[in-house]
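The values are calculated or read from the model by the stated rules, or taken from the named source; none is laboratory data. The model shown is predicted, which means the values in this text are computed figures rather than measured ones. For neighbour counting, all protein chains shown are included, and Cβ atoms are generated from backbone atoms with ideal geometry for every residue, glycine included.
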Amino acid sequence: MEPILQAWEDFARTIEPPALTMDDTELRDHARQMLLVFAADLETPQSDAERTAKSKGLGERGKDDTAAETHAEARLLSGYTVVQLVSEYRALRSSVLTLWADDIGDSQRAHLADVTRFNEAVDQALAESIARYEYMVKQSQNMFLAILGHDLRNPLGTVVTGASFMMQATDIAPKYVLVATRMFNSARRMSKLINDLIDFTRTHLGPGIPIRVRQGSVVALCEEVVNELRTFHAEQLIELHLPPQLDAIFDESRLAQVLSNLIGNAIQYGSADTAVTVRVTADETDVVIAVNNHGRAIEPDKLSSIFDPMVRIAASINSATSDYTERTSLGIGLFISREIVHAHGGRIELASTEADGTTFTVTMPRLPKGFVSNQTAKGVPVLKAD
């Protein structure tokens, strides 16, 4: 054990700068435990299927963190990069095999099976360590984004309030009112980006996007969202087709967010010469909302990744135009829309062709799980909690 640990320590000290500030215990911290795991693995019978699984990093493990996973967390906190982490395992493998070859001598070279088993054990530990390292990095990044989003809300609220106050003033020059209006519109876009950022981090930190459902009118909500977008995008024709009445159990603010994202996406990437169409239909069980625009079709190989976070379909936008920054975003709106629809127990689908245009179709149950429907004397459905 000692010669192997010494070789591990000697190599670890060559990794700069983290190892220069670590003592002997920190440099050897989990190597002893991992070597004991390797030794136990060598003495444990295994089948061909188990050997194959281990070679792919799929070996069986217990509920507790392994020494390799704990080692990955410690090295991350010490400032190691993932490349430096991997190099430790390479050095460990090399030192053990060198000492092993010197010990057994030429007469026992047939013990190659043991060497193979040792390599398998190292590969399993490496897979566990890298997986934990990657997970910890993603968690820290998402936590940073969540804190950033929350901390930006208060100063942005001050900007919105101040700009709104100036817009309503009657004792200042019109040119200042115009500036205040631009500030207000820019702050609204910033607020949407921050809200998207917070929702994105929620989906990656565990709890997902929260929804609070209650009975409401899908028709009234769609009219409200479309009218707001018509005001904000006066140059774009938006057609809305609705049934006379449609009630459901849903989260109004979240569904409004989905509609705003889908229609905004249709306006951004659709042709300005053709209308964006919003069509709402329903049956006894589901609500269906389809948003269609005409323009350049989405390439078939990109359809499957359109809802992935940070994936944005390239549009024919001239970067020299003044509205370039206004027409681009973080590219997570569709991802958030899908998560909201999934939280309602629904699904969102995409179809895109040159002939029919691009259509996002949201299908959600009128009655989420835990609710029942009664009929009034007039035949109008009443939705209530079970």
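Every residue, every condition in (1) in contact (Cβ under 8 Å) with a residue 60 or more places away in the chain; (2) surrounded by fewer than 17 Cβ atoms within 10 Å (Cβ to Cβ), yes or no:
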{"position": "LYS175", "(1), (2)": "no, yes"}
{"position": "PHE184", "(1), (2)": "no, no"}
{"position": "LEU197", "(1), (2)": "yes, no"}
{"position": "ASN227", "(1), (2)": "no, yes"}
{"position": "THR231", "(1), (2)": "no, yes"}
{"position": "ALA234", "(1), (2)": "no, yes"}
{"position": "LEU246", "(1), (2)": "no, no"}
{"position": "ILE263", "(1), (2)": "no, no"}
{"position": "THR277", "(1), (2)": "no, no"}
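So ARG51 ticks every box in (1) touching a residue at least 24 places away in the same chain (Cβ under 8 Å); (2) surrounded by 15 or more Cβ atoms within 10 Å (Cβ to Cβ) but one. Which box is left unticked?
(2) is the only condition that ARG51 fails.
Being farther than 25 Å from VAL137 by Cβ and either part of a helix (DSSP H, G or I) or within 28 Å of the chain's Cα centre (by Cα) (or both) narrows it down to one residue among PHE38, PHE11; which is it?
None of the other options fit; the residue is PHE38.
Please report, ordered by residue number, the strands (runs of 3 or more DSSP E) entirely within region 161-268 with at least 1 residues that are in contact with a Gly (Cβ under 9 Å, 6 or more places away or on another chain) and under 17 Å from VAL287 (Cα atoms).
Counting at least 1 such residues, we get 247-250.
Does ALA53 count as assigned by TED's automatic domain parsing to the domain that holds ALA131 and within 17 Å of TYR135 (Cα to Cα)?
no
Among LEU85, LEU99, which is the only one that is in the same structural domain as ARG32 (by TED's automatic domain parsing), within 35 Å of the chain's Cα centre (by Cα) and at pLDDT 75 or above?
Residue meeting the stated conditions: LEU85.
Going by what's in this entry, would SER253 be described as closer than 23 Å to LEU152 by Cα and at pLDDT 85 or above?
The answer is yes for SER253.
Return yes when ALA72 is exposed (fewer than 14 other Cβ atoms within 10 Å of the Cβ), of a type outside the set (D, E, K, R) and either at pLDDT below 75 or in a helix (DSSP H, G or I) (or both) and no when it is not.
It is false that ALA72 is exposed (fewer than 14 other Cβ atoms within 10 Å of the Cβ), of a type outside the set (D, E, K, R) and either at pLDDT below 75 or in a helix (DSSP H, G or I) (or both).
Out of the residues in region 201-224 that are of a type in the set (A, V, I, L, M, F, W, C) and out of contact with any Lys or Arg (no Cβ under 6 Å at 6 or more places or on another chain), state the one that is modelled with the lowest pLDDT.
Ranking the candidates gives LEU205 first.
Select from region 273-289 the residues that are within 18 Å of GLU228 (Cα to Cα) and not charged (D, E, K, R) and write down the one among them that is farthest from the chain's Cα centre (by Cα).
Here the answer is ALA275.
Could you check how many residues of region 277-334 are more than 20 Å from LEU350 (Cα to Cα) and modelled with pLDDT of 50 or more?
So the answer is 3.
Yes or no: GLY149 under 30 Å from ILE209 (Cβ atoms), at pLDDT below 75 and small (Gly, Ala, Ser)?
Here the answer is yes, as GLY149 does meet what is asked.
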